[in-house]
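These notes are about the structure you will find just below.
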């Protein structure tokens, strides 16, 4: 009888204790960091009205959300870089998974492939490295290019319908001159780099750069501000911001941001692999290879199989890019 009494007392006390503890199902899941989910996340919840996931949580493909009171939540979609208003349902119906590194250029489709940017070894023609892409937020971008064999100087020209300037240098980079008019929002500019040997032009390269309109810049700044307000871990803030920059083809901004993030000897393989992806998007396979190799080392040391697979796939793409033909231009 004593044993039975003790059993019921224990049972009753246990019931009272458990009664005061929220059930596991009612506790929102917290998945703030990418290494806390067993998937490649497609986006992040940005407020607290979701029933099963805490604000800031990452969401996987095909996962559903349940919004309180039939309302909407703000959701950062990585593939579009947009902040979406989502109601209850499968998230990937509104925010599909991010595609390949460069879906337009791969071994199965070489039609969309351009000439890779040559790397650091001297070649017969300059290749403009930065600006890295055709869109930018910077009205005074730095201009860099690859060296040319035998070149004794370089002439940089910038032209648009409203103004133009040129400058001769004997190095392979040029800070935007402070005394020249800066790029204007919404306008496109053509940058030329001519290689000279003993005063004679021998080859050149050119690229077109567009400074985004004021309204577009303000929208991007607003989205990044929303990310910073979440007070995520630093690496997560960088990677979420990269999703916005990359979706808008702002490779200048995201490459510089990722270079800064990895400059302090970060041990996060995702940062290096993402930087490799962006270099590859800028047609810089040699730079991409360096970052993918580092990502591979870190992924192995941390047993991160997901990032290891992505980094190794990136190295395969680098090998493919390096087999593409490189065009040659004469001087103008």
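Quick notes on this one:
- One residue stands out among those in segment 167-185 that are surrounded by fewer than 13 Cβ atoms within 10 Å (Cβ to Cβ) and more than 26 Å from the chain's Cα centre (by Cα): the one that is farthest from residue 138 (Cα to Cα), which is 170.
- Which listed residue is over 21 Å from residue 284 (Cα atoms), in contact with a strand residue (DSSP E or B) (Cβ under 8 Å, 6 or more places away or on another chain) and without any contact (Cβ under 8 Å) to a residue 12 or more places away in the chain, from 184, 166: 166
- Test: residue 241 is more than 23 Å from residue 31 (Cα to Cα) and modelled with pLDDT of 95 or more: no
- Scanning segment 47-62 for residues being closer than 21 Å to residue 304 by Cβ and surrounded by fewer than 17 Cβ atoms within 10 Å (Cβ to Cβ) gives a total of 2.
- Beta carbons closer than 7 Å, at least 6 apart along the sequence or on distinct chains, pair a first residue in segment 310-329 that is within 12 Å of residue 280 (Cα to Cα) with a second that is at pLDDT below 80 and assigned to a loop (DSSP other than H, G, I, E, B) for 314/101; 317/101; 320/107; 321/116; 322/116.
- Test: residue in segment 272-283 that is crowded, with 23+ Cβ neighbours inside 10 Å and in contact with a strand residue (DSSP E or B) (Cβ under 8 Å, 6 or more places away or on another chain): no
- When residues in segment 68-78 are screened for being touching a strand residue (DSSP E or B) at 6+ places or on another chain (Cβ under 8 Å) and surrounded by fewer than 17 Cβ atoms within 10 Å (Cβ to Cβ), 3 of them pass.
- Of residues in segment 210-225 being out of contact with any helix residue (DSSP H, G or I) (no Cβ under 9 Å at 6 or more places or on another chain) and in contact (Cβ under 8 Å) with a residue 40 or more places away in the chain, the one surrounded by the most Cβ atoms within 10 Å (Cβ to Cβ): 210
- In segment 52-62, the residues that are within 15 Å of residue 90 (Cβ to Cβ) and out of contact with any helix residue (DSSP H, G or I) (no Cβ under 6 Å at 6 or more places or on another chain): 52, 53, 60
- Residues satisfying the stated conditions in segment 27-46, i.e. exposed (fewer than 15 other Cβ atoms within 10 Å of the Cβ), closer than 30 Å to residue 251 by Cβ and out of contact with any helix residue (DSSP H, G or I) (no Cβ under 9 Å at 6 or more places or on another chain): 36
- Hits in segment 256-270 - residues which are surrounded by fewer than 23 Cβ atoms within 10 Å (Cβ to Cβ) and in contact with a helix residue (DSSP H, G or I) (Cβ under 9 Å, 6 or more places away or on another chain): 257, 259, 260, 261, 262, 266, 267
- Residue within segment 247-256 that is outside any helix (DSSP H, G or I), more than 28 Å from residue 45 (Cβ to Cβ) and either assigned by TED's automatic domain parsing to the domain that holds residue 136 or modelled with pLDDT under 95 (or both) present: no
For every residue, the table says whether it meets (1) at pLDDT below 95; (2) within 19 Å of the chain's Cα centre (by Cα).
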site	(1), (2)
263	yes, yes
266	yes, yes
275	no, yes
287	yes, yes
295	no, yes
300	no, no
310	yes, yes
317	yes, yes
322	yes, no
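The values are calculated or read from the model by the stated rules, or taken from the named source; none is laboratory data. This is a predicted model, so every value here is computed, not measured. Cβ sites come from the backbone with ideal geometry, for glycine too, and all protein chains shown count toward neighbours.
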